[in-house]
Amino acid sequence: TNIINIAIDGPAGAGKSTVAKLVAEHLSYLYIDTGAMYRTLAYAAIQNNVDTKNGTALKELLDTITIQLINEKEGTKVLVNDQDVTTDIRTAEVNKQVPQVASHEAVRLEMVERQRKLAMEGNSILDGRDIGTHVLPNADVKVFLTASVDVRAKRRHAEQIKKGMPSNLEELKKDIAKRDEMDSTREVAPLRKASDAIGLDTTALSIPEVVNEIINLVKKPA
Ligand code: C5P
């Protein structure tokens, strides 16, 4: 096919979604936020009292739900069985539960299948933890975004404050470090830089700088 796929992976708060959304807008690509899919399942599990340690039960729950990601100017709108959960999937409770939900093989197999289908709909940019390593090993461009835990926590903090949401910098730092640890050490498709991904440390880079770097890579793949 002549569909172009861009894979952006990295730890929590490295700026993946902000940057991916801007690159997608610039290139008129579809933006697919795969983290939102795992968050949606975590939210549904909490709502339905499904044990997040039980992979079989989570997979059964997943089989009953549709997850729609709708690209809008303000960001991705997320619908689960047509119900808008865009803000519900960003709570501290979901942050806490989501790595556990995402650790199960049965859950990941189904998610990856859904993600590949979405990626085949047209030129697209996917962000997540395992896009370059598992979901799209043949992606045209692979980027691995990182930044120090301090900077990532500060960015999240500023974002929360801007949205008028309560935020505690020290707690954010702990949360982010814990989530990275769980995502990097799980057995199935852990967070890892693909060997052919381009690493970009964004600690000292602005958002437009990172966006430009990626657009240049797409124009002229390495
Ligand atoms: O990207 P975001 O921080 O919204 O992702 C939430 C969580 O979903 C991650 O911490 C990880 O546990 C899981 N995830 C994953 N694989 C992906 C995307 C997200 O395991 N491709």
*What spacing in nm lies between the two simple spin-label points modelled at Ser148 and Asn49, each 7 Å away from Cα in the Cβ direction?*
4.7 nm
_Cβ-based charge dipole, the range 5-214, positive-most Cα from Asn71, Val135, Ala42_ = Ala42
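Is there a quick way to get the dipole size of the chain? I mean about its Cα centre, with the Cβ of Lys and Arg at +1 and of Asp and Glu at -1; what is the value in debye to the nearest 20? Numbers along the way, then the final one.
Values: 30 positive and 32 negative charges, 80 e Å.
Dipole of the chain, to the nearest 20 debye: 380 debye.
Counting only DSSP beta bridges with both residues in the chain, what percent are antiparallel, rounded to the nearest 5?
Values: 8 of 25 bridges.
Restricted to the chain, the bridges split so that about 30 percent are antiparallel.
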*asked:* Give me the one-decimal Kirkwood hydrodynamic radius in Å for the range 40-162, with the sum taken over alpha-carbon pairs.
replied: 16.1 Å
*At most 14 other Cβ atoms within 10 Å and a DSSP loop assignment: could you name the GluC sites (Glu not before Pro) in the range 40-126 that fit?*
Glu74, Glu121
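If you keep only loop residues by DSSP, which trypsin sites (Lys or Arg not before Pro) in the range 153-222 have at most 14 other Cβ atoms within 10 Å of their Cβ?
Values: sites: Lys154, Arg155, Arg156, Lys162, Lys163, Lys173, Lys174, Lys178, Arg179, Arg186, Arg192, Lys193, Lys219; in loops: Lys163, Arg186, Arg192, Lys193.
Answer in residue order: Lys163.
Tell me which trypsin sites (Lys or Arg not before Pro) from the range 1-88 have a DSSP coil assignment and no more than 11 other beta carbons within 10 Å of their own.
Working: sites: Lys16, Lys21, Arg39, Lys53, Lys59, Lys73, Lys77; in loops: Lys53, Lys73.
In loop regions of the range 1-88 (DSSP not H, G, I, E or B), the sparsely surrounded trypsin sites (Lys or Arg not before Pro) are Lys53, Lys73.
Using the C-alpha atoms of the chain, what convex hull volume per residue, in cubic angstrom, is computed?
On the way: hull volume 26.4 nm³, N = 222.
Hull volume over Cα atoms, normalised by residue count, gives 119 Å³.
Return a whole-number percent for the relative contact order of the range 5-214, with Cα pairs under 8 Å and 6 or more residues apart as the contact set. It would help to have the intermediate numbers written out before the result.
Numbers: 326 pairs, mean separation 70.4, N = 210.
Once divided by the residue count of the range 5-214, the mean separation gives 34 percent.
Rule-based calculations on the coordinates, nothing more; no lab input. Computed from a predicted structure; not experimentally measured. Note that each Cβ is placed from the backbone with ideal geometry, even for glycine, and that neighbours are counted across all protein chains shown.
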